[in-house]
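Take a look at the structure below.
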Amino acid sequence: MRKPPAVGEDSAVPDEQALQTTVALEGDGTSIARARHLAVGFLTCVQAEYGLPVSQRAMDLTQLAVSELVTNARKYAPGPVLMDLRVVGDAVEVVVWDCDPVLPVARAADEGRVGQHGLEIVMAVAQGFAAQREPVGKRITARIALLDDPGGAIAGRPPL
């Protein structure tokens, strides 16, 4: 199996054993957009080079999860952020590491609250979610299904 390309970024390093890429994101204002771009490039490569089906919904939800997780890391943790994208079975895992050891907590729903809904959004669209402390900082993982329901339905809804 050929390894996926580094999606045009010098700092992206694909793993030889799995469909995976890792990138260090700098603290400037372009890191969130760059992370979204890398996610789409990675999934496009997975589709084109390896023939794995990836729905448009999976592309969109992966970009959304990447955007929210990287935004939170940039906003709340000083220092570097690493993003890892990997295909595991029938899903893509978005893993974001930062150096702040405080685990995020989803806030209770509040329709009057403006902003600070990122974690709630990720947890709502992800097939799986985990937050764990690391020796330095924390690692947040969101798992997004590559396809909609096997019957062709949007997740959880029967076909029309």
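The values are calculated or read from the model by the stated rules, or taken from the named source; none is laboratory data. Just so it is clear, the model here is predicted, and its values are computed rather than measured. For neighbour counting, all protein chains shown are included, and Cβ atoms are generated from backbone atoms with ideal geometry for every residue, glycine included. All accessible areas refer to the heavy atoms of the entire protein, side chains included, with ligands and DNA or RNA removed. Shrake-Rupley method; radii C 1.70, N 1.55, O 1.52, S 1.80 Å.
This table checks each residue for (1) out of contact with any helix residue (DSSP H, G or I) (no Cβ under 8 Å at 6 or more places or on another chain); (2) farther than 21 Å from Gly137 by Cβ; (3) at pLDDT 90 or above; (4) charged (D, E, K, R).
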site: Gly27; (1), (2), (3), (4): no, no, no, no
site: Gly51; (1), (2), (3), (4): yes, yes, yes, no
site: Ala58; (1), (2), (3), (4): no, yes, yes, no
site: Val66; (1), (2), (3), (4): no, no, yes, no
site: Ala73; (1), (2), (3), (4): yes, no, yes, no
site: Val81; (1), (2), (3), (4): no, no, yes, no
site: Val88; (1), (2), (3), (4): yes, yes, yes, no
Check your understanding: Which of (1) out of contact with any Asp or Glu (no Cβ under 8 Å at 6 or more places or on another chain); (2) modelled with pLDDT under 90 does Arg2 not meet, given it meets every other one?
Key -> (1)
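Could you say whether any residue in segment 102-119 is open to solvent by 70 Å² or more (accessible area, probe 1.4 Å), closer than 17 Å to Thr21 by Cβ and touching a residue at least 24 places away in the same chain (Cβ under 8 Å)?
First, the residues of segment 102-119 that are open to solvent by 70 Å² or more (accessible area, probe 1.4 Å): 102, 105, 107-111, 114, 116.
Imposing the further condition that a residue be closer than 17 Å to Thr21 by Cβ reduces the set to none.
Within segment 102-119, not a single residue is open to solvent by 70 Å² or more (accessible area, probe 1.4 Å), closer than 17 Å to Thr21 by Cβ and touching a residue at least 24 places away in the same chain (Cβ under 8 Å).
Mind counting the residues in segment 67-85 that are open to solvent by 50 Å² or more (accessible area, probe 1.4 Å) and in contact (Cβ under 8 Å) with a residue 12 or more places away in the chain? Working first, answer last.
As a first pass, look at segment 67-85 and keep what is open to solvent by 50 Å² or more (accessible area, probe 1.4 Å): 74-76, 78, 80, 82.
Now narrow it down to the ones that are in contact (Cβ under 8 Å) with a residue 12 or more places away in the chain: 74, 76, 78, 80, 82.
Number satisfying all stated conditions: 5.
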**Study point:** Any chance Thr62 is open to solvent by 30 Å² or more (accessible area, probe 1.4 Å), at pLDDT 85 or above and on the phi < 0 side of the Ramachandran plot
**Key:** no
Review point. From the residues in segment 21-58 that are over 16 Å from the mean Cα position of the chain (by Cα) and in contact (Cβ under 8 Å) with a residue 60 or more places away in the chain, which one is nearest to Arg86 (Cα to Cα)?
Key: Leu52
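Among the residues of segment 40-70, write down those that are of a type in the set (A, V, I, L, M, F, W, C) and not in a helix (DSSP H, G or I).
Step one: list which residues in segment 40-70 are of a type in the set (A, V, I, L, M, F, W, C), which gives 40, 42-43, 45-46, 48, 52, 54, 58-59, 61, 64-66, 69-70.
Residues satisfying the conditions are Leu52, Val54.
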